[in-house]
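Nothing in this text is a laboratory measurement; each read-out follows from the coordinates by a stated rule. Keep in mind that this is a model prediction, so the values were computed, not measured. All Cβ positions, glycine included, derive from the backbone under ideal geometry; neighbour counts span all protein chains shown.
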Amino acid sequence: MKIFNKKIIFLIFKNNYRYNALGNFAKNRIYNKFLFINLSGRTKSILGKIIYFFKLGNFISIDGDPFLKNQNSINIWYSGTILKIKKKYLNFKNNYVNIINSTLIGQENQFNIYPLIDNSGDFKFSNKIIFMGKIHFEPNRFSFFDDKKLFQIKDHLLNDFTLIDNNDFWSEYTKNKSQLEKFDNYKIIKTFMRKEILKKINKYFKNHLHVYSDKFSKDNFQYFKPVYNIKKVHDIYKGNLCIDTGPIPGSVTFSPRAIQIFESQGIMIQAEQKDSKSKLKNLYDDLVAKNINDYLSKIEILFTRKEKRDETIEKIQIFSNHCKFNMEQTLLKIFDK
């Protein structure tokens, strides 16, 4: 099915909250050969399923709601790895995830969603450092990293942010452990790392760090209640330095948080991910921290040196063009057959 000589891709899913998590990718727009139309939500998704039934176009569903089986469609399991895919759908080849954990789970089909940045308006820097997200974990029956073990490896984790995605690191702990056990402990360590990174940042930039999180702890952060309204989230990120330690389930640059920061016109400083160099390219040296000292140094530079901050903002604006091109290439690879 074509309109104005463009192939149509319909985005269909029921849950409205996913619309905000997908950022600008969820909006109607043209990508090179494709006209992208959002039919999400309880009412519009019904129309989407009717169009899908008659195979009038190409289709993307989120989180298997609804699950699409036709060859002209894919299912993206968002904010998760292959372990998020429901068991009854595991054998379908049109499943994609956006978060990879190749260290413990193996390689999956990955659908990269890139930030689609609106460069209109001037960037006005505020003097805040922002973090939004979960920083607490509750050990369960699968946990083999208790508080004592976590603090034993703390310095190693903070001195090399890629250690958690190193097979040699895990070989000592994962003998005779199931995939689910390993994955559960990966999430525990990743959350622990996140909190320790924030504690270090708070030590040196205490008056500037604002933490928006779901629970309060004894740590001396400036806490704020979680914000779920996407417009308010954009307003909080905009013009600020924004902390991203990477997604909890795996290692990927463009997690939902990172996309929100870019699309809000914030400046993201991110702990190194497996794909940092390939995704961020000439922004890698400015925005990616290899260890905690590197993190603190990058914050200090961007926070205090206006000329460096302006240079980085200019690079981000140029980078936005590459993101749109890469999003087009992702769609072409899957649907232009």
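With axes computed from alpha carbons, what is the tilt in degrees of helix 306-335 against the longest principal axis of the chain, rounded to the nearest 10 within 0 to 90?
40
Nearest 10 degrees, 0 to 90: what angle lies between the long axis of helix 292-304 and the longest principal axis of the chain (Cα atoms)?
Tilt of helix 292-304: around 80 degrees.
Could you list Thr81, Thr253 in order of exposure, starting from the residue whose Cβ has the fewest other Cβ atoms within 10 Å?
Arranged by neighbour count, lowest to highest, Thr81, Thr253 become Thr81, Thr253.
Beta carbons within 10 angstrom, averaged per residue: use that to sort the peptides 63-70, 189-196, 228-235, highest first.
Numbers: 63-70: 16.1, 189-196: 21.0, 228-235: 13.1.
Final packing ranking: 189-196, 63-70, 228-235.
Using packing as a proxy for protection, rank 307-313, 274-280 so that the peptide with the highest average count of other Cβ atoms within 10 Å comes first. The partial results should precede the final answer.
Working: 307-313: 14.6, 274-280: 17.4.
Going from most to least packed, we get 274-280, 307-313.
Please state the relative contact order of the stretch 2-111 as a whole percent: Cα pairs under 8 Å, 6+ residues apart? Walk me through the numbers on the way to the answer.
Values: 197 pairs, mean separation 23.4, N = 110.
Value for the stretch 2-111: 21 percent.
Going by average Cβ neighbours within 10 Å, how do the peptides 86-93, 150-157 rank, with the highest at the top?
Sorting 86-93, 150-157 by mean packing, highest first, produces 150-157, 86-93.
Among Ser171, Phe192, Ile113, whose Cα lies farthest out toward the positive end of the dipole of the chain, if unit charges sit on the beta carbon of Lys, Arg (+1) and Asp, Glu (-1)?
So the residue we want is Ile113.
Please state, to two decimals, what the Cα-based radius of gyration of the stretch 2-111 comes to when divided by 2.2 N^0.38 Å (N = residues).
For the stretch 2-111, the normalised Cα radius of gyration comes out at 1.06.
Could you please rank Ser79, Ser255, placing first whichever residue has the fewest other Cβ atoms within 10 Å of its Cβ?
By the 10 Å Cβ count, ascending: Ser79, Ser255.
What does the helix-only formula give at 222 nm for the chain: each DSSP H stretch with n ≥ 4 adding -39500 (n - 2.57), the total divided by the residues, and the result rounded to the nearest 500 deg cm²/dmol?
Working: 11 runs with 127 residues, N = 337.
Only helices count here, giving -11500 deg cm²/dmol.
Gaussian network model of the chain, Cα springs within a sub-10 Å range: biggest mean-square fluctuation belongs to which of Phe53, Phe123, Phe205?
Maximum fluctuation in the GNM of the chain, among the listed residues, is at Phe53.
Let me know the charge dipole size of the stretch 2-111 about its Cα centre in debye, to the nearest 20, where only the beta-carbon of Lys, Arg (+1) and Asp, Glu (-1) is charged.
360
So what is the relative contact order of the chain, in percent, for Cα pairs below 8 Å that sit 6 or more residues apart? Walk me through the intermediate numbers first.
Working: 550 pairs, mean separation 58.1, N = 337.
Taking the mean separation of contacting Cα pairs over the length of the chain, I get 17 percent.
Which one of Ile100, Tyr31, Phe54 has its Cα pushed farthest toward the positive end of the charge dipole of the stretch 2-111, where Lys and Arg give +1 and Asp and Glu give -1 at the Cβ?
Projecting each Cα onto the dipole axis, the largest value belongs to Phe54.
Please give the charge dipole size of the chain, origin at the Cα centre, charges +1 on K and R Cβ atoms and -1 on D and E Cβ atoms. Round to the nearest 20 debye. Show your work: numbers first, answer last.
Values: 57 positive and 33 negative charges, 255 e Å.
For this selection, approximately 1220 debye.
In which sequence would Leu332, Leu158 go, from the one with the fewest C-beta neighbours within 10 Å to the one with the most?
By the 10 Å Cβ count, ascending: Leu332, Leu158.
In debye, nearest 20: dipole of the stretch 129-322 around its Cα centre with unit charges on the Cβ of K, R (+) and D, E (-)?
Using only the charged Cβ atoms, the result is roughly 480 debye.
Would you mind counting up the charge near Asp336? Only other residues with Cβ under 9 Å from its Cβ, with Lys and Arg at +1 and Asp and Glu at -1. Working shown, then result.
Details: positive: Lys7, Lys33, Lys333, Lys337; negative: none.
Summing Lys/Arg as +1 and Asp/Glu as -1 gives +4.
Enter the mean projected area of the convex hull around the alpha-carbon atoms of the chain, in nm², rounded to one decimal.
Averaged projected hull area, Cα only: 17.8 nm².
By how many degrees, between 0 and 90 and to the nearest 10, does the Cα long axis of helix 147-159 differ from the longest principal axis of the chain?
Roughly 80 degrees, rounded to the nearest 10.
Just to confirm a number: summing +1 for Lys and Arg and -1 for Asp and Glu over residues other than Asn16 whose beta-carbon lies under 15 angstrom from that of Asn16, what do you get?
+4
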